[in-house]
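What follows is a set of notes on a single structure, which appears directly below.
The values are calculated or read from the model by the stated rules, or taken from the named source; none is laboratory data. Quick caveat, the model's predicted, so the values are computed rather than measured. Note: ideal-geometry Cβ built from the backbone for every residue, glycine included; neighbour counts use all protein chains shown. Note: areas computed on protein heavy atoms with side chains; ligands, DNA, RNA excluded. Shrake-Rupley method; radii C 1.70, N 1.55, O 1.52, S 1.80 Å.
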Amino acid sequence: MSKVIVHPSTLQGTVSVPCSKSAAHRAILCAALAQGESILSPIAVSNDIHVTAQAAQALGANILEEQRTWRVTGGSTPQSPAEIDCGESGSTLRFLIPVCAALGMEATFTGHGRLPERPIGVYLDVLPAHGVSCHTEGGLPLSINGTLKQGEFILPGNISSQFITGLLLACPLLAGESTIRLSSPLESAAYVDMTLEAMRAFGVTVDPLDNGWRIPGGQRYRARPFSVEGDWSQAAFFLAAGALGGTLSIGGLKRESTQGDRAAESLFATFGAECAWKDETLCIKSNNLYGMEIDAAQIPDLVPILAATAALAKGRTRIYNAARLRIKESDRLAAMADGLNRLGAQVQETPDGLLIDGVESLHGGEVDGYNDHRVVMALSIAALRADGLVTISDAESIRKSYPAFFEDYNRLGGKADVINMG
């Protein structure tokens, strides 16, 4: 158990965000599937990245960590049978299932928190028709055996792009050509773009189709040095801190990134904040903020911090196409509505989003972090504009993605006291 006590304050200065967790997941797995040594940097270790690294070793990779540089040597024989603990990482789970199947591994996948409850039915529908037996009593643990066979994979695009990424990573390893076709429009398309970008970097070819992709079989991932870009979803917390009263410079970001959360810059500018690039640093300064309409279909990870910002913007903000947030580490729509309302905001849930009427300031109080890293960080930013102390539970949940968040927060002038209660 842990909590953080946040004092009202203003963040000022310069911060470099950690590497993109999404990019790091993909780079580690591509390197693990390649013959020879790949050098990945910079890598910031979080709980999710740690479990992906462990899974990569089950694939036969050796990983040598040298501060923020990792040397990943792939090409050894995978473990089989293997037990793969995915922690609370949906990416690790959904990426690894078809990859292990492509390698002919017998594997059992486990997880913690809400991960055992999160959907995996897409794979239970498509993998058995391609030579893979799946054994589960609903959710995790899930056991697979058999070798994945090439062919046509038809799956929905509106559940999670992680299923598509898993199959994209796996299909080049199969003997013959495969196609992936979508039966519904693709949401979070930028995450698929990130996957294709990483695969190209490691020497694998994928051809786009009108409603999917063609993946030639018999390909090999090729080892290489790979630079892991900064995380736009983490940068969004500091963009919000700047928009809500500070002046911040954020480094480590790729200006022309394929990350969907790259949209954070334009979204905060639309709220009314002053955003500008100075060389390779994004600078943000507070200004009058106004509510707006936000379609969250392609940017689900930004919703908690956008909601926190909207709570302090003039007028109404409507966030929609965000129903998938109800099956994340928490029900993020309910969690953010509950936390912000307890601090004096005016937030209503809708089936697929939030209606937020901005207030001038928040008040102190105790709120639930719901063991969700993005909820805890978003509420910590909202607490900057409270008139008293805000206590948020489950502070240690930030280790899932950004263990140094409160260190950076305090270094910029914040006052957040993390208390571990055993």
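Across region 47-129, C-alpha contacts under 8 Å between residues 6 or more apart give a mean separation that, scaled by the residue count, equals a relative contact order of 28 percent.
When Asp352, Asp279 are compared by accessible area of protein heavy atoms, the largest-first order is Asp279, Asp352, using a 1.4 Å probe.
Here region 146-225 carries DSSP beta bridges of which approximately 65% are antiparallel, counting only pairs with both residues inside. Summing +1 for each Lys or Arg and -1 for each Asp or Glu among the other residues whose beta-carbon sits under 15 angstrom from that of Gln35 gives +3. For a quick check: with amide H placed at 1.01 Å from N, whose amide H comes under 5 Å from Glu366's, ignoring anything fewer than 5 positions away on the same chain? Answer set, sorted by chain and number: Thr391.
Using a 1.4 Å probe on the protein heavy atoms, what percent of the accessible area of the chain belongs to carbon and sulfur?
Working: 7270 of 15770 Å².
It is 46 percent, rounded to a whole number.
Expected output is a single nm value to one decimal: the length gained when fully extending between Arg255 and Met1, i.e. 0.36 nm times separation in residues minus the C-alpha distance. What is it? If you can, show how the numbers build up before the last one.
On the way: separation 254, 0.36 × 254 = 91.44 nm, distance 3.80 nm.
So the extension gain works out to 87.6 nm.
For the chain, a/c is not less than 1.5, where a ≥ b ≥ c are the root eigenvalues of the C-alpha gyration tensor, and a/b tops b/c. That puts it in the prolate class.
Listed by chain and number, the lysines whose alpha-carbon sits under 28 Å from that of Lys285, ignoring those within fewer than 8 places in the same chain, are Lys21, Lys254, Lys314, Lys415. The separation of region 289-311 from region 51-73, counted between C-alpha centres, amounts to 35 Å.
Against the chain, whose longest principal axis is taken from its Cα atoms, helix 161-170 shows a tilt of about 30°.
3J(HN,Hα) couplings calculated from phi for region 253-262 with the Karplus curve 6.51 cos²θ - 1.76 cosθ + 1.60 (θ = phi - 60°) are, in sequence order, 9, 8, 5, 9, 5, 7, 4, x, 6, 4 Hz; Gly and Pro show x. Axis of helix 47-58 versus longest Cα principal axis of the chain: the two differ by about 10°, to the nearest ten degrees.
DSSP beta bridges in the chain, what fraction antiparallel, as a percent rounded to 5? Display every interim value, and only then the final one.
Working: 52 of 77 bridges.
Beta bridges within the chain, antiparallel portion: roughly 70 percent.
Summing Cβ point charges (Lys, Arg +1; Asp, Glu -1) relative to the Cα centre of the chain gives a dipole of roughly 540 debye.
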